[in-house]
Amino acid sequence: MSAQARRAGLASFVGTTIEWYDFYIYGTASALVFGKLFFPDASPAAGVLASFATFWVGFLARPLGGIIFGHFGDRLGRKNMLVVTLLMMGSATFLVGSIPTCLSMAR
C-alpha cells in the first residue's frame, strides 16, 4: 500500500470518527437536554420528539452533503473538501452550544 493511500485512509477515518462523534453527542443531548431547553412549553414526550426531529434532519442532509461535497471534492480536491466539512461540523457544533435557550432568556 502506498503512503498516499495510507494517508487518504487515515484522513477518511479521522473525518468519519469526528462526524459520528458529533452525531453521538447531538443524539445524547437531544434525548436528555434539548427537549427541556428548547421546547419547554411542550409536554416532555413532545419536546423530546421535536428534539429528535431536528436530529433526523441532520441524517436527511447527509446524502445530499455527500453528493455536493463529493462533486466538489472531485473537482477541487478531496483534502480541501475534508477540511471544509470538518470546519463546518465544528462550527455547527459550536453554534448549537451558543444558541440561547428559552430558559436562559426567561431569567
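Worth a mention:
- Estimated from helices alone, the mean residue ellipticity of the chain at 222 nm is -28500 deg cm²/dmol (sum of -39500 (n - 2.57) over DSSP H runs with n ≥ 4, per residue).
- Only the Cβ atoms of Lys and Arg (+1) and of Asp and Glu (-1) were treated as charged; on that basis the dipole of the chain about its Cα centre amounts to roughly 340 debye.
- When a 1.4 Å probe is rolled over the protein heavy atoms, the share of accessible surface on the chain that falls to carbon and sulfur comes to 73 percent.
- Heavy-atom surface of the range 1-97, accessible at 1.4 Å and reported per residue (Å²): 73
- In units of the compact-protein estimate 2.2 N^0.38 Å, the chain shows a Cα radius of gyration of 1.33.
- Share of pairwise Cα separations in the range 42-105, more than 21 Å, in percent: 42
- Label zone at Leu49 (point 7 Å along Cα-to-Cβ), backbone N below 11 Å, the range 1-43: 43
The values are calculated or read from the model by the stated rules, or taken from the named source; none is laboratory data. Please read all numbers here as calculations on a predicted model, not as lab measurements. Heads up, the Cβs are rebuilt from the backbone with ideal geometry, glycines too, and the neighbour counts pull from every protein chain shown. Surface accessibility is based on the protein's heavy atoms, side chains included, excluding ligands, DNA and RNA. Shrake-Rupley method; radii C 1.70, N 1.55, O 1.52, S 1.80 Å.
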